[in-house]
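Chemist: First the structure, then my questions, so here it is.
The values are calculated or read from the model by the stated rules, or taken from the named source; none is laboratory data. These numbers come from a predicted model, not from an experiment. Because the Cβ atoms are built from the backbone with ideal geometry, glycine has one as well, and the counts that use them run over all protein chains shown. The protein model used for the area step is the full one, side chains on, heavy atoms only, and it has no ligands, DNA or RNA in it. Shrake-Rupley method; radii C 1.70, N 1.55, O 1.52, S 1.80 Å.
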Amino acid sequence: MSHRSRPPLSGFGAALIGAFSGWLMPGQAGASDFPSLQDLYTGSYRLPPSESPKPVTGKKIWFVSCSQDVSLCAAEAAGTQEAGRLLGWDTTIFDGKYDPAVMANGIRQAIAGKFDAVVLAGADCNGVKGPLAEARDSGLKIVSIEGVDCSVSDPGEPSLFDAAVTYVEGDLIPWVKKYGAWQADYVIAKTGGKAEAIVLVSDEVLVSKLTSEATIEELKRCPGCTVHEVSFSYGSQGPQLQQLAEQALLRFPNANSLIVPADSVILSGVGPAIEASGRDLVVVAAEGQEATMNLVRAGSRQVSAGVGIPSAWEGYAAVDALNRVFNGQPAVNSGAGLQVFDKDHNAGTAGAFNASTDFVAAYKKAWGITE
């Protein structure tokens, strides 16, 4: 993936654009081609499915969490456990610690424990392909939250997911691409189409890579915007990441915005670097973890906004998908989508980001639960 920055327009080129405001370079767009701030605040959520097959009871579910130390992952686990309890299921949470080797061990524990299904969160099939194949051979059903199936990442390979949580925008890949684009769209709107954005990019995780690529592509469609790509590693979070961010801020003194693919990047180094710089940037984070939301609510310069992920909703959707799989039916769209939050919009008063749609009531109605 290229890390070249796109220089600002100057001289004759800038004069041309000033003289011919309706003229655009190929692939670029006018202001009306980008969502408005109100569009972003309204979001794309729909209600979950209104009908469901009769819930299957008495199932044992093994939930492999991406990392219980991360509020996003913990909320997915809690949503799955809560929804499973409504259906009379016993759900065990296993902490994957963001380590494929640990996750692989967890999947094998589910096989040994004779569980009925595995919900795998925040992990691509390729990283745990062997254990997943063993689980399938043992008769376990497998549902994914925010993971890419082996047949998608390696065409020709067999699919190992029985189902995956899907979104208003489609399956995981179109959803995360739109997610990245909306991060850019917020910056474009807040800067009046004059963004000079630092975009932090990592190619270590496919979802993160796709998100940042979509952010950069959207910024490059904006004729008055400039993008500077800065490569980072998730393994360098802490002082090393803070130093990288400090260097980027020094290297691009005219940048007025900064975008990251995950909240942890802000919380583990980039946020403190912005704070120390004293600069007021439009800073767009990601999922809406509780610590991020607290900074947004406080008006901290470390983070201005993000695109909230309804993590508990994803847990409910995984349970709905599993119930359909147990009934021999395909999974259906969850209704979860995208929504931007900032200090004055969709931030709530406490906790992590929470979608305004009452998905719990909708799922209960679909499952015939009246409590």
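Chemist: Carbon and sulfur atoms: what percent of the 1.4 Å accessible area of the stretch 233-273 do they account for?
Modeler: Of all accessible area on the stretch 233-273, carbon and sulfur atoms account for 51 percent.
Chemist: Quick one: which of Lys114/Lys177; Lys97/Lys129; Lys60/Lys364; Lys59/Lys365 span more than 29 angstrom between C-alpha atoms?
Modeler: Lys114/Lys177
Chemist: With a ≥ b ≥ c taken as the square roots of the eigenvalues of the C-alpha gyration tensor of the stretch 60-145, please select rounded if a/c is under 1.5 and otherwise prolate if a/b is larger than b/c or oblate if it is not?
Modeler: Oblate is the answer for the stretch 60-145, as a/c is 1.5 or above yet b/c matches or exceeds a/b.
Chemist: Between Arg297 and Lys343, what is the spin-label point distance in nm, taking each point 7 Å from the Cα along the Cα→C-beta axis?
Modeler: Going by the 7 Å Cα→Cβ label model, 1.5 nm.
Chemist: Would you work out which of Gly127, Ala110, Ala286 lies farthest towards the positive end of the dipole of the chain, given +1 charges on the beta-carbon of Lys and Arg and -1 on that of Asp and Glu, about the Cα centre?
Modeler: So the residue we want is Ala286.
Chemist: Let me ask another. Take the alpha carbon gyration tensor of the chain, find the square roots of its eigenvalues, order them as a ≥ b ≥ c, and report rounded if a/c is under 1.5; if not, report prolate when a/b exceeds b/c, else oblate.
Modeler: prolate
Chemist: Also: Give the peptides 349-355, 338-344, 210-216 in descending order of average Cβ contacts within 10 Å, highest first.
Modeler: 210-216, 338-344, 349-355
Chemist: Rank Gly335, Gly192, Gly180 by mean-square fluctuation in a GNM of the chain with C-alpha springs under 10 angstrom and give only the top-ranked residue.
Modeler: Among Gly335, Gly192, Gly180, the largest GNM mean-square fluctuation belongs to Gly192.
Chemist: With all protein chains present, how much of the accessible area of the stretch 54-212 (probe radius 1.4 Å) comes from carbon and sulfur, to the nearest whole percent?
Modeler: On the stretch 54-212, the fraction of accessible area on carbon and sulfur atoms equals 50 percent.
Chemist: For the stretch 305-371, rounded, prolate or oblate, judged on the Cα gyration tensor with a ≥ b ≥ c (square roots of eigenvalues), a/c < 1.5 rounded, else prolate if a/b > b/c?
Modeler: Note, shape of the stretch 305-371 comes out prolate.
Chemist: Roughly how far apart, in whole Å, are the Cα centres of the stretch 129-199 and the stretch 283-320?
Modeler: Spelled out, the Cα-based centre of one part sits 17 Å from the other.
Chemist: Positive end of the charge dipole of the stretch 162-231 (Lys, Arg +1 and Asp, Glu -1 on Cβ, about the Cα centre): tell me which of Thr166, Ile188, Ser231 has its Cα farthest that way.
Modeler: Ile188
Chemist: Heavy atoms of the protein only, probe of 1.4 Å, neighbouring chains included. What is the accessible area of Ser233 in Å², nearest 10?
Modeler: Its heavy atoms expose roughly 40 Å² to the probe.
Chemist: For the stretch 33-123, what's the relative contact order in percent, using C-alpha pairs closer than 8 Å and at least 6 residues apart?
Modeler: Reported as a whole number, the value is 36 percent.
Chemist: What number, in percent, do you get for the relative contact order of the stretch 92-208 if the mean sequence gap of Cα pairs under 8 Å and at least 6 apart is divided by its residue count?
Modeler: Here the relative contact order equals 16 percent.
Chemist: If you build a Gaussian network model of the chain, linking Cα atoms that sit under 10 Å apart, which residue out of Gly269, Gly58, Gly348 swings the most?
Modeler: Highest fluctuation among the options: Gly58.
Chemist: How many percent of DSSP beta bridges within the chain run antiparallel, rounded to 5?
Modeler: 15
Chemist: Using +1 at the Cβ of each Lys and Arg and -1 at the Cβ of each Asp and Glu in the chain, identify which of Trp89, Leu322, Pro253 lies farthest towards the dipole's positive end.
Modeler: It is Pro253, whose Cα lies furthest towards the positive end.
Chemist: Then there's this: Just to confirm, what accessible area per residue do you get for the chain at 1.4 Å probe, in whole Å²?
Modeler: For the chain, the per-residue accessible area is 42 Å².
Chemist: Given contacts defined as C-alpha pairs under 8 Å and at least six residues apart, what's the relative contact order of the chain, whole-number percent?
Modeler: Computed over the chain, the figure is 22 percent.
Chemist: Just to confirm a number: summing +1 for Lys and Arg and -1 for Asp and Glu over residues other than Ile111 whose beta-carbon lies under 14 angstrom from that of Ile111, what do you get?
Modeler: +2
Chemist: For the stretch 281-371, with all protein chains present and a 1.4 Å probe, just round the carbon and sulfur fraction of the accessible area to a whole percent.
Modeler: 47
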